[in-house]
1. Restricting the first residue to region 401-416 and requiring it to be under 19 Å from residue 356 (Cα atoms), which pairs with a second residue that is near ligand 1 (Cβ under 6 Å from one of its atoms) and not in a loop (DSSP other than H, G, I, E, B) meet a Cβ separation below 6 Å and a spacing of at least six or different chains?
2. State yes or no: is residue 354 part of a helix (DSSP H, G or I) and away from ligand 2 (no atom under 16 Å from the Cβ)?
3. For region 394-410, give me each residue that is over 13 Å from residue 372 (Cα atoms), more than 9 Å from ligand 2 (Cβ to nearest atom) and touching a strand residue (DSSP E or B) at 6+ places or on another chain (Cβ under 8 Å).
4. Which of the residues that make up region 447-457 are within 11 Å of ligand 2 (Cβ to nearest atom) and either farther than 15 Å from residue 398 by Cβ or in contact with a helix residue (DSSP H, G or I) (Cβ under 6 Å, 6 or more places away or on another chain) (or both)?
5. Out of 305, 386, 294, which single residue is on the phi < 0 side of the Ramachandran plot, assigned to a strand (DSSP E or B) and modelled with pLDDT of 80 or more?
6. With region 417-497 as the region, which strands (runs of 3 or more DSSP E) entirely inside it contain at least 1 residues that are surrounded by fewer than 20 Cβ atoms within 10 Å (Cβ to Cβ) and free of Cβ contacts under 8 Å to residues at least 12 places away in the same chain?
7. Within region 438-463, can you find the residues that are in contact with a strand residue (DSSP E or B) (Cβ under 8 Å, 6 or more places away or on another chain) and more than 6 Å from ligand 1 (Cβ to nearest atom)?
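The values are calculated or read from the model by the stated rules, or taken from the named source; none is laboratory data. This one's a predicted model, so the numbers in the text were calculated from it and none came from an experiment. Cβ sites come from the backbone with ideal geometry, for glycine too, and all protein chains shown count toward neighbours.
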Ligand SMILES: Nc1ncnc2c1ncn2[C@@H]1O[C@H](COP(=O)(O)OP(=O)(O)OP(=O)(O)O)[C@@H](O)[C@H]1O
Ligand SMILES: [Mg+2]
């Protein structure tokens with residue numbers, strides 16, 4: 001059987017030639033004709049090119065089976081529409097001879113076969129696979145573009161804004177449509193305008209600019225810190241025609257970083273002052289006893305000398321003088337101890353959970369936490385408490401630092417921080433680690449000043465903690481665990497609600 005649809009040689013009259021040319025045109029179109037049972041009756045060269053099946057292979061086959069058609073809705077529904085309206089159009093998924101999936105836009109029309117008088121369907125298809133892919137890509141791109149938290153601005157090489165996403169409103173204060181068509185200089189503070197030339201210069205060279213931190217201007221004139229990433233945009237010929245700019249507002253980030261730095265500096269200072277104070281306090285404590293003993297002995301010596309009636313004895317004069325000096329030293333030490341008593345700071349109303357989070361961050365700041373997981377379990381029913389924020393912060397920082405140091409060589413590094421309100425009007429904080437546990441050799445003296453198991457430890461962290469907590473009317477405790485240690489502190493809840 002010869003292929004009736006393949007144009008053969010034509011050697012006819014003019015009208016015949018014109019007819020033949022139309023036939024060639026039709027043959028190149030991607031058209032098939034079938035009956036309602038799906039039997040293919042006509043299959044053009046265009047269809048052969050699209051699906052890979054020749055007319056010989058296709059004719060007589062059931063169309064939907066041959067092309068493994070996936071319909072957008074059940075076929076009977078489509079055929080019903082076709083019968084009512086005489087035509088139907090939509091998108092179909094087909095499989096080609098070599099197994100490729102292709103999307104086609106299809107146009108079905110109902111006609112009557114001249115010979116049999118049966119209804120037949122002509123179907124014309126166009127490959128839209130690439131178009132659909134592009135559409136999906138564009139939709140995805142648009143989604144990402146609009147949902148980005150960072151401002152994205154497309155500009156031409158002369159600095160005219162071509163596109164802007166929704167985030168520009170939050171960051172720059174302008175609606176996207178207010179910016180489009182304007183010059184980017186609108187967003188740049190006056191003294192930084194020359195910067196734009198440098199940026200365009202880099203873009204001209206095809207260079208990307210990444211995380212460039214600078215200042216930009218909002219609609220209300222406010223200046224703010226921003227991190228810019230800018231890359232060249234090319235046209236289809238590879239020519240640079242503009243730039244895409246991503247702007248991230250970093251004011252918040254920088255502010256919290258600065259706050260952290262200043263808190264840390266304050267803490268370091270306090271640490272030093274407190275260390276000195278603690279040392280002085282410990283020394284005063286240590287001196288107090290021998291001084292009391294000294295006073296006792298000198299008093300006794302003075303009484304004995306008096307009993308011996310050696311009033312003019314130069315030894316007695318010396319003993320009396322020594323007694324006076326010892327008394328003076330004792331007074332100085334007593335005053336010093338009074339002065340250094342902790343808890344003299346200012347008490348403020350504080351959100352305890354906030355303070356805990358801040359202190360834990362501070363305690364771990366600057367240390368490489370490695371793989372430490374911080375697990376917070378903070379009670380929500382904790383009232384505002386009246387405490388010396390800085391001192392309590394220092395307590396928590398000390399506990400966290402000890403915990404981090406104890407976990408240095410542990411395979412599992414979990415720091416659990418819990419707050420809880422106890423029925424006895426106490427507020428409890430526990431800091432638990434999965435570290436090396438307490439060294440039994442120092443267990444009994446843990447809270448005493450200068451008790452340490454660390455080569456460079458001062459051994460005063462915990463004693464400071466205990467003093468501060470007790471000055472707040474609270475108490476501290478420690479517990480051992482299978483793996484690790486748990487420190488707890490309880491603070492009384494007063495005058496609340
Ligand atoms: N979480 C912990 N796990 C295991 N041991 C701990 C823990 N916390 C404290 N210790 C032990 O208690 C000792 C005393 O701690 P403390 O904080 O008072 O002093 P330090 O950490 O040695 O030095 P520094 O004065 O610099 O803080 C530590 O040396 C350590 O042996
Ligand atoms: Mg310590």
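1. Close Cβ pairs satisfying both conditions: 415/403.
2. Here the answer is yes, as residue 354 does meet what is asked.
3. Selection gives 395, 396.
4. Across region 447-457, the qualifying residues are 451, 453, 456.
5. 386 is the lone residue from the list that is on the phi < 0 side of the Ramachandran plot, assigned to a strand (DSSP E or B) and modelled with pLDDT of 80 or more.
6. Passing ranges, in order: 475-480.
7. 447
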